[in-house]
Amino acid sequence: MGTMLDTIARIPEAVEAMARHREDRTAPLSRLLAALGPECGPERIVFVGSGSSYNSALAALPFCDRVGIEASALYPNQLSYRRTINKRDLYVFISQGGSTKLVFEGLEKVHAAGCPTCSITARLDAPIARAADASIEMGCGDEEYVYRTIGVSTSIVSCWQVAMALSAARDGLSDSELAALDEGLAAVAGSLDDIRERACTWFEDHRFSLLRKSYLMFAGANDLYAVAREADIKAMEMVPIITRSYELEEIIHGPQNAFDANGAFFIFAREAEDASKARSIAAFLDHEIGFCALVGDIAEGRRDFALTEADRTFGALAYLTFGQVLAYCYATARGRDLKRRVNATMDGYISKTL
(Lines give C-alpha, C1' and ligand atoms only; values in the text may rest on other atoms or scores of the structure.)
Protein backbone atom coordinates (compact mmCIF):
# COMPACT_ATOMS: atom_id res chain seq x y z
CA MET A 1 0.00 0.00 0.00
CA GLY A 2 1.62 3.23 -1.13
CA THR A 3 1.11 6.66 0.36
CA MET A 4 -2.00 8.72 -0.32
CA LEU A 5 0.15 10.90 -2.57
CA ASP A 6 0.71 7.79 -4.70
CA THR A 7 -3.07 7.41 -4.83
CA ILE A 8 -3.52 11.03 -5.91
CA ALA A 9 -0.90 10.39 -8.59
CA ARG A 10 -3.22 7.81 -10.19
CA ILE A 11 -5.92 10.41 -10.90
CA PRO A 12 -4.54 11.73 -14.23
CA GLU A 13 -4.44 8.28 -15.80
CA ALA A 14 -7.94 7.47 -14.53
CA VAL A 15 -9.39 10.72 -15.89
CA GLU A 16 -7.70 10.34 -19.27
CA ALA A 17 -9.08 6.80 -19.60
CA MET A 18 -12.55 8.12 -18.80
CA ALA A 19 -12.22 10.78 -21.50
CA ARG A 20 -11.04 8.24 -24.10
CA HIS A 21 -13.83 5.76 -23.31
CA ARG A 22 -16.75 8.09 -22.63
CA GLU A 23 -19.16 6.37 -25.04
CA ASP A 24 -18.53 2.92 -23.59
CA ARG A 25 -18.82 4.25 -20.05
CA THR A 26 -22.17 5.96 -20.61
CA ALA A 27 -23.61 3.31 -22.94
CA PRO A 28 -26.03 1.91 -20.29
CA LEU A 29 -27.48 5.38 -19.79
CA SER A 30 -27.60 6.09 -23.52
CA ARG A 31 -29.56 2.86 -24.07
CA LEU A 32 -32.02 3.83 -21.32
CA LEU A 33 -32.52 7.29 -22.82
CA ALA A 34 -33.01 5.86 -26.31
CA ALA A 35 -35.63 3.42 -25.00
CA LEU A 36 -37.53 6.22 -23.29
CA GLY A 37 -37.36 8.47 -26.36
CA PRO A 38 -37.25 12.27 -26.49
CA GLU A 39 -40.99 12.62 -25.93
CA CYS A 40 -41.02 10.72 -22.62
CA GLY A 41 -37.37 10.86 -21.63
CA PRO A 42 -35.89 13.06 -18.90
CA GLU A 43 -35.36 16.78 -19.39
CA ARG A 44 -33.40 17.54 -16.24
CA ILE A 45 -30.90 15.87 -13.91
CA VAL A 46 -31.15 15.60 -10.14
CA PHE A 47 -27.89 14.38 -8.58
CA VAL A 48 -28.16 12.77 -5.14
CA GLY A 49 -25.20 12.14 -2.85
CA SER A 50 -23.58 12.83 0.52
CA GLY A 51 -20.30 14.46 1.46
CA SER A 52 -17.76 14.29 -1.34
CA SER A 53 -20.37 12.79 -3.67
CA TYR A 54 -22.55 15.86 -3.15
CA ASN A 55 -19.56 18.13 -3.77
CA SER A 56 -18.83 16.25 -6.99
CA ALA A 57 -22.37 16.89 -8.21
CA LEU A 58 -22.17 20.54 -7.18
CA ALA A 59 -18.95 20.92 -9.17
CA ALA A 60 -20.69 19.52 -12.26
CA LEU A 61 -23.70 21.85 -12.25
CA PRO A 62 -22.09 24.74 -14.19
CA PHE A 63 -21.07 22.29 -16.93
CA CYS A 64 -24.62 20.93 -17.12
CA ASP A 65 -25.85 24.46 -17.69
CA ARG A 66 -23.21 25.00 -20.36
CA VAL A 67 -24.45 22.02 -22.39
CA GLY A 68 -28.09 23.03 -22.02
CA ILE A 69 -29.15 20.66 -19.26
CA GLU A 70 -30.92 21.94 -16.17
CA ALA A 71 -29.50 20.18 -13.11
CA SER A 72 -29.58 20.32 -9.34
CA ALA A 73 -27.96 18.50 -6.42
CA LEU A 74 -29.64 17.09 -3.33
CA TYR A 75 -28.49 15.47 -0.14
CA PRO A 76 -30.24 12.11 0.43
CA ASN A 77 -32.04 13.58 3.44
CA GLN A 78 -33.49 16.33 1.27
CA LEU A 79 -34.82 13.73 -1.15
CA SER A 80 -36.37 11.73 1.67
CA TYR A 81 -38.39 14.81 2.70
CA ARG A 82 -39.45 15.65 -0.84
CA ARG A 83 -43.07 14.88 -1.70
CA THR A 84 -43.08 15.83 -5.38
CA ILE A 85 -41.08 13.62 -7.75
CA ASN A 86 -41.03 14.86 -11.36
CA LYS A 87 -41.13 12.01 -13.85
CA ARG A 88 -39.22 14.10 -16.42
CA ASP A 89 -36.19 14.21 -14.13
CA LEU A 90 -33.30 11.77 -14.35
CA TYR A 91 -32.21 10.97 -10.81
CA VAL A 92 -28.50 10.14 -10.56
CA PHE A 93 -27.38 8.49 -7.31
CA ILE A 94 -23.68 8.81 -6.42
CA SER A 95 -22.00 6.52 -3.89
CA GLN A 96 -18.43 5.30 -4.22
CA GLY A 97 -19.02 2.30 -1.95
CA GLY A 98 -22.40 1.73 -3.54
CA SER A 99 -24.20 0.88 -0.30
CA THR A 100 -24.94 4.21 1.40
CA LYS A 101 -28.23 3.57 3.17
CA LEU A 102 -30.01 6.88 2.55
CA VAL A 103 -28.89 6.98 -1.07
CA PHE A 104 -30.27 3.48 -1.63
CA GLU A 105 -33.56 4.39 0.03
CA GLY A 106 -33.78 7.50 -2.14
CA LEU A 107 -33.29 5.42 -5.26
CA GLU A 108 -36.07 3.07 -4.18
CA LYS A 109 -38.39 6.02 -3.56
CA VAL A 110 -37.73 7.57 -6.97
CA HIS A 111 -37.98 4.23 -8.73
CA ALA A 112 -41.36 3.57 -7.14
CA ALA A 113 -42.53 6.95 -8.45
CA GLY A 114 -41.73 5.83 -11.99
CA CYS A 115 -38.71 8.07 -12.62
CA PRO A 116 -35.64 6.90 -14.56
CA THR A 117 -32.65 6.28 -12.32
CA CYS A 118 -28.91 6.11 -12.88
CA SER A 119 -26.13 5.21 -10.46
CA ILE A 120 -22.47 6.19 -10.26
CA THR A 121 -20.56 3.68 -8.11
CA ALA A 122 -17.06 2.24 -7.95
CA ARG A 123 -18.36 -1.29 -8.57
CA LEU A 124 -21.25 -2.30 -10.81
CA ASP A 125 -22.23 -5.15 -8.49
CA ALA A 126 -22.92 -2.77 -5.59
CA PRO A 127 -26.51 -2.66 -4.24
CA ILE A 128 -27.18 0.86 -5.56
CA ALA A 129 -25.83 -0.04 -9.02
CA ARG A 130 -27.93 -3.21 -9.19
CA ALA A 131 -31.09 -1.30 -8.25
CA ALA A 132 -30.67 1.52 -10.80
CA ASP A 133 -32.11 1.52 -14.34
CA ALA A 134 -28.67 2.41 -15.71
CA SER A 135 -25.35 2.02 -13.92
CA ILE A 136 -22.10 3.86 -14.61
CA GLU A 137 -18.78 2.78 -13.17
CA MET A 138 -17.14 5.64 -11.28
CA GLY A 139 -13.74 5.03 -12.86
CA CYS A 140 -11.76 5.13 -9.61
CA GLY A 141 -10.98 1.41 -9.27
CA ASP A 142 -10.17 0.13 -5.80
CA GLU A 143 -9.15 3.09 -3.66
CA GLU A 144 -7.14 1.99 -0.64
CA TYR A 145 -7.73 4.95 1.64
CA VAL A 146 -11.05 5.72 3.30
CA TYR A 147 -10.30 9.41 2.69
CA ARG A 148 -11.30 9.46 -0.98
CA THR A 149 -9.39 11.37 -3.62
CA ILE A 150 -9.53 9.41 -6.89
CA GLY A 151 -13.25 8.80 -6.42
CA VAL A 152 -13.99 12.50 -5.99
CA SER A 153 -12.23 13.48 -9.21
CA THR A 154 -13.77 10.63 -11.18
CA SER A 155 -17.22 11.31 -9.71
CA ILE A 156 -17.04 14.84 -11.12
CA VAL A 157 -16.03 13.45 -14.51
CA SER A 158 -18.85 10.89 -14.34
CA CYS A 159 -21.38 13.65 -13.64
CA TRP A 160 -20.04 15.65 -16.60
CA GLN A 161 -20.41 12.60 -18.80
CA VAL A 162 -23.98 11.96 -17.63
CA ALA A 163 -24.82 15.52 -18.73
CA MET A 164 -23.10 14.91 -22.06
CA ALA A 165 -25.14 11.74 -22.62
CA LEU A 166 -28.43 13.46 -21.84
CA SER A 167 -27.59 16.47 -24.01
CA ALA A 168 -26.68 14.17 -26.92
CA ALA A 169 -29.91 12.21 -26.47
CA ARG A 170 -31.88 15.44 -26.66
CA ASP A 171 -30.02 16.50 -29.84
CA GLY A 172 -28.02 19.12 -27.99
CA LEU A 173 -24.33 18.27 -28.34
CA SER A 174 -23.14 17.04 -31.74
CA ASP A 175 -20.58 14.27 -32.23
CA SER A 176 -17.89 16.84 -33.04
CA GLU A 177 -18.72 18.86 -29.92
CA LEU A 178 -18.58 15.73 -27.78
CA ALA A 179 -15.20 14.80 -29.27
CA ALA A 180 -13.88 18.30 -28.53
CA LEU A 181 -15.02 17.98 -24.92
CA ASP A 182 -13.27 14.61 -24.64
CA GLU A 183 -10.05 16.18 -25.87
CA GLY A 184 -10.37 19.06 -23.43
CA LEU A 185 -10.83 16.66 -20.52
CA ALA A 186 -7.82 14.62 -21.62
CA ALA A 187 -5.76 17.82 -21.77
CA VAL A 188 -6.69 18.67 -18.17
CA ALA A 189 -5.73 15.14 -17.11
CA GLY A 190 -2.33 15.70 -18.69
CA SER A 191 -1.77 18.83 -16.60
CA LEU A 192 -2.42 17.31 -13.18
CA ASP A 193 1.01 15.73 -12.59
CA ASP A 194 2.69 19.13 -12.73
CA ILE A 195 0.13 20.68 -10.39
CA ARG A 196 0.52 17.84 -7.89
CA GLU A 197 4.31 18.17 -7.83
CA ARG A 198 4.27 21.95 -7.53
CA ALA A 199 1.65 21.81 -4.79
CA CYS A 200 3.97 19.60 -2.73
CA THR A 201 6.77 22.13 -3.19
CA TRP A 202 4.44 25.00 -2.31
CA PHE A 203 3.48 23.31 0.96
CA GLU A 204 7.10 22.79 1.94
CA ASP A 205 7.83 26.45 1.21
CA HIS A 206 5.03 27.50 3.59
CA ARG A 207 5.16 24.59 6.01
CA PHE A 208 6.33 26.56 9.04
CA SER A 209 3.55 29.15 8.78
CA LEU A 210 0.80 26.61 8.10
CA LEU A 211 1.66 24.32 10.98
CA ARG A 212 1.14 27.23 13.38
CA LYS A 213 -2.48 27.68 12.30
CA SER A 214 -5.44 26.27 14.21
CA TYR A 215 -8.07 26.47 11.46
CA LEU A 216 -8.40 26.72 7.68
CA MET A 217 -10.95 28.53 5.52
CA PHE A 218 -11.64 28.07 1.81
CA ALA A 219 -13.69 30.11 -0.66
CA GLY A 220 -14.55 30.04 -4.35
CA ALA A 221 -17.29 30.88 -6.83
CA ASN A 222 -19.21 28.81 -9.37
CA ASP A 223 -17.64 25.33 -9.69
CA LEU A 224 -14.72 26.51 -7.53
CA TYR A 225 -17.11 26.84 -4.59
CA ALA A 226 -17.58 23.06 -4.83
CA VAL A 227 -13.78 22.69 -4.91
CA ALA A 228 -13.54 24.84 -1.78
CA ARG A 229 -16.10 22.60 -0.05
CA GLU A 230 -14.15 19.48 -0.96
CA ALA A 231 -10.82 21.00 0.15
CA ASP A 232 -12.56 21.83 3.42
CA ILE A 233 -13.76 18.24 3.93
CA LYS A 234 -10.42 16.70 3.00
CA ALA A 235 -8.43 18.87 5.40
CA MET A 236 -10.87 18.39 8.27
CA GLU A 237 -10.95 14.60 7.99
CA MET A 238 -7.32 14.00 7.06
CA VAL A 239 -5.25 16.50 9.06
CA PRO A 240 -7.58 16.78 11.12
CA ILE A 241 -8.16 20.49 11.70
CA ILE A 242 -11.19 22.75 12.00
CA THR A 243 -12.21 24.03 8.56
CA ARG A 244 -14.97 25.99 6.86
CA SER A 245 -15.77 26.80 3.24
CA TYR A 246 -17.78 29.64 1.76
CA GLU A 247 -19.02 30.92 -1.55
CA LEU A 248 -16.72 33.78 -2.49
CA GLU A 249 -19.26 36.56 -1.87
CA GLU A 250 -20.44 35.06 1.40
CA ILE A 251 -17.02 35.01 3.05
CA ILE A 252 -16.94 38.84 3.23
CA HIS A 253 -20.25 39.06 5.09
CA GLY A 254 -20.78 37.67 8.61
CA PRO A 255 -17.93 35.15 8.65
CA GLN A 256 -15.25 37.84 8.42
CA ASN A 257 -16.06 38.92 11.98
CA ALA A 258 -14.43 35.70 13.21
CA PHE A 259 -11.22 36.00 11.19
CA ASP A 260 -7.95 36.21 13.10
CA ALA A 261 -4.28 35.35 12.73
CA ASN A 262 -4.88 31.76 13.88
CA GLY A 263 -6.36 30.85 10.51
CA ALA A 264 -5.00 30.22 7.02
CA PHE A 265 -7.21 31.27 4.10
CA PHE A 266 -7.37 29.89 0.57
CA ILE A 267 -9.22 31.66 -2.25
CA PHE A 268 -9.82 29.65 -5.44
CA ALA A 269 -10.36 32.06 -8.33
CA ARG A 270 -10.04 32.61 -12.08
CA GLU A 271 -9.14 35.74 -14.03
CA ALA A 272 -12.45 35.62 -15.91
CA GLU A 273 -14.67 35.13 -12.84
CA ASP A 274 -14.72 37.50 -9.86
CA ALA A 275 -11.00 38.21 -10.21
CA SER A 276 -11.20 41.74 -8.82
CA LYS A 277 -13.29 40.62 -5.85
CA ALA A 278 -10.99 37.67 -5.15
CA ARG A 279 -7.89 39.89 -5.25
CA SER A 280 -9.48 42.40 -2.90
CA ILE A 281 -10.53 39.74 -0.40
CA ALA A 282 -7.09 38.15 -0.53
CA ALA A 283 -5.38 41.51 -0.04
CA PHE A 284 -7.50 42.23 3.04
CA LEU A 285 -6.83 38.80 4.52
CA ASP A 286 -3.12 38.93 3.76
CA HIS A 287 -2.50 42.46 5.04
CA GLU A 288 -4.98 42.73 7.90
CA ILE A 289 -5.52 39.19 9.17
CA GLY A 290 -2.65 36.82 8.38
CA PHE A 291 -1.97 34.00 5.95
CA CYS A 292 -3.90 33.99 2.67
CA ALA A 293 -3.15 32.26 -0.64
CA LEU A 294 -4.85 32.86 -3.96
CA VAL A 295 -5.03 29.65 -6.00
CA GLY A 296 -5.49 30.09 -9.73
CA ASP A 297 -4.41 32.07 -12.76
CA ILE A 298 -4.67 35.35 -10.82
CA ALA A 299 -1.95 34.27 -8.39
CA GLU A 300 0.61 37.03 -7.95
CA GLY A 301 1.58 37.26 -4.26
CA ARG A 302 4.37 35.59 -2.33
CA ARG A 303 2.01 33.00 -0.85
CA ASP A 304 -0.14 32.38 -3.93
CA PHE A 305 -0.23 29.22 -6.02
CA ALA A 306 -0.22 29.86 -9.77
CA LEU A 307 -2.40 27.50 -11.76
CA THR A 308 -3.19 27.52 -15.46
CA GLU A 309 -6.14 25.45 -16.66
CA ALA A 310 -5.43 23.32 -19.73
CA ASP A 311 -9.15 23.58 -20.49
CA ARG A 312 -11.31 25.89 -18.39
CA THR A 313 -14.44 23.78 -18.92
CA PHE A 314 -12.91 21.01 -16.81
CA GLY A 315 -10.51 23.13 -14.77
CA ALA A 316 -12.13 22.26 -11.45
CA LEU A 317 -10.01 19.08 -11.46
CA ALA A 318 -6.84 21.18 -11.48
CA TYR A 319 -7.92 23.25 -8.47
CA LEU A 320 -9.11 20.11 -6.70
CA THR A 321 -5.65 18.59 -7.06
CA PHE A 322 -4.19 21.45 -5.05
CA GLY A 323 -6.76 20.89 -2.30
CA GLN A 324 -6.07 17.16 -2.17
CA VAL A 325 -2.30 17.63 -1.99
CA LEU A 326 -2.66 20.34 0.65
CA ALA A 327 -4.63 17.99 2.90
CA TYR A 328 -2.15 15.14 2.37
CA CYS A 329 0.96 17.26 3.03
CA TYR A 330 -0.62 18.94 6.05
CA ALA A 331 -1.64 15.59 7.55
CA THR A 332 1.78 14.08 6.93
CA ALA A 333 3.57 17.09 8.42
CA ARG A 334 1.52 16.71 11.59
CA GLY A 335 2.38 13.02 11.88
CA ARG A 336 -1.03 11.69 10.92
CA ASP A 337 -1.30 8.00 9.97
CA LEU A 338 -3.80 8.10 7.11
CA LYS A 339 -4.18 4.32 7.18
CA ARG A 340 -6.07 4.68 10.46
CA ARG A 341 -9.51 6.19 10.94
CA VAL A 342 -10.26 8.79 13.58
CA ASN A 343 -13.18 8.00 15.92
CA ALA A 344 -13.74 4.60 14.30
CA THR A 345 -15.83 3.60 17.32
CA MET A 346 -18.68 5.70 15.87
CA ASP A 347 -19.66 2.61 13.84
CA GLY A 348 -20.84 1.06 17.08
CA TYR A 349 -23.42 3.82 17.45
CA ILE A 350 -24.64 4.47 13.91
CA SER A 351 -23.94 3.10 10.44
CA LYS A 352 -24.43 4.92 7.15
CA THR A 353 -24.27 1.78 4.99
CA LEU A 354 -26.72 -1.04 4.31
Whenever you get a sec, compute what percent of the accessible area on the range 125-182 sits on carbon and sulfur atoms (1.4 Å probe). 44
Helix axis angle, 275-284 relative to the chain longest principal axis, alpha carbon, degrees: 40
Relative to the Cα centre, what is the charge dipole magnitude of the chain, using +1 at the beta carbon of each Lys and Arg, -1 at the beta carbon of each Asp and Glu, and rounding to the nearest 20 debye? 1220
Distance (nanometres) between label positions extended 7 Å along Cα→Cβ at E288 and H21: 5.2
Pop out the ³J(HN,Hα) list for the range 161-170 in order, Karplus 6.51 cos²θ - 1.76 cosθ + 1.60 with θ = phi - 60°, rounded to Hz; leave Gly and Pro as x. 6, 4, 5, 5, 5, 5, 4, 5, 5, 9
So for the chain, taking the charge dipole from beta-carbon charges (+1 Lys/Arg, -1 Asp/Glu), which of L181, T308, I45 sits furthest toward the positive end? I45
Rounded to one decimal in nm, the spacing of the 7 Å Cα→Cβ label points at V146 and R341 is 0.3
Mind giving me the FRET efficiency for D125 and A333? R0 is 35 Å, r the Cβ-Cβ distance, nearest 0.05 is fine. 0.35
Which FRET efficiency value, to the nearest 0.05, do you get for I242 and A113 by plugging their Cβ-Cβ distance into 1/(1 + (r/R0)^6) with R0 = 56 Å? 0.90
Can you find, among C200, G141, S167, the residue sitting farthest towards the positive end of the charge dipole of the range 112-247, where Lys and Arg contribute +1 and Asp and Glu -1 at Cβ? C200
Surface share of carbon and sulfur [accessible, 1.4 angstrom probe, percent] for the range 301-354: 49
What number of lysine-lysine pairs in the chain show an alpha-carbon separation below 18 angstrom, given a sequence spacing of 8 or more or placement on distinct chains? 6
Taking +1 at the Cβ of each Lys and Arg and -1 at the Cβ of each Asp and Glu, which of A333, A299, A318 sits farthest along the dipole of the range 291-354 towards its positive end, judged by Cα position relative to the Cα centre? A333
Taking the Cα centre of the range 210-334 as the origin, how large is its charge dipole in debye, to the nearest 20, when only Lys and Arg (+1) and Asp and Glu (-1) carry charge on their Cβ atoms? 520
Label the range 47-146 by shape, choosing from rounded, prolate and oblate, from the square roots a ≥ b ≥ c of the eigenvalues of the Cα gyration tensor; if a/c is under 1.5 it is rounded, and otherwise prolate applies when a/b is larger than b/c, oblate when it is not. oblate
Near the amide H of F218, under 5 Å away, which other amide H atoms are found, from residues 5 or more places off or on another chain, if H is placed in the peptide plane? R244, S245, Y246, F266
Mind ordering 55-68, 180-193, 89-102 by average Cβ neighbours within 10 Å, highest first? 89-102, 55-68, 180-193
Taking the 0 to 90 degree range and rounding to the nearest ten, how far is the long axis of helix 11-20 tilted relative to the main principal axis of the chain, both from C-alpha atoms? 30
Using label points projected 7 Å from each Cα along Cα→Cβ, tell me how many nm separate N257 and D194, to one decimal. 4.5
In Å², what does the accessible area per residue of the range 293-342 work out to with a 1.4 Å probe? 39
Checked the range 122-171 with the C-alpha gyration tensor, a ≥ b ≥ c its square-rooted eigenvalues, rounded below a/c of 1.5, otherwise prolate if a/b is larger than b/c and oblate if not; verdict oblate
Summed over the other residues with a beta carbon less than 11 angstrom from that of A59, with K and R at +1 and D and E at -1, the charge totals -1
Residue of R198, R302, R22 that the Gaussian network model of the chain assigns the largest fluctuation, springs spanning Cα pairs under 10 Å: R302
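The values are calculated or read from the model by the stated rules, or taken from the named source; none is laboratory data. Worth saying up front: this structure is predicted, and the values here are computed from it rather than measured. Glycine also receives a Cβ, built like all others from the backbone with ideal geometry; neighbour counts cover every protein chain displayed. Side chains are part of the model used for accessible areas, which takes the heavy atoms of the whole protein and leaves out ligands, DNA and RNA. Shrake-Rupley method; radii C 1.70, N 1.55, O 1.52, S 1.80 Å.
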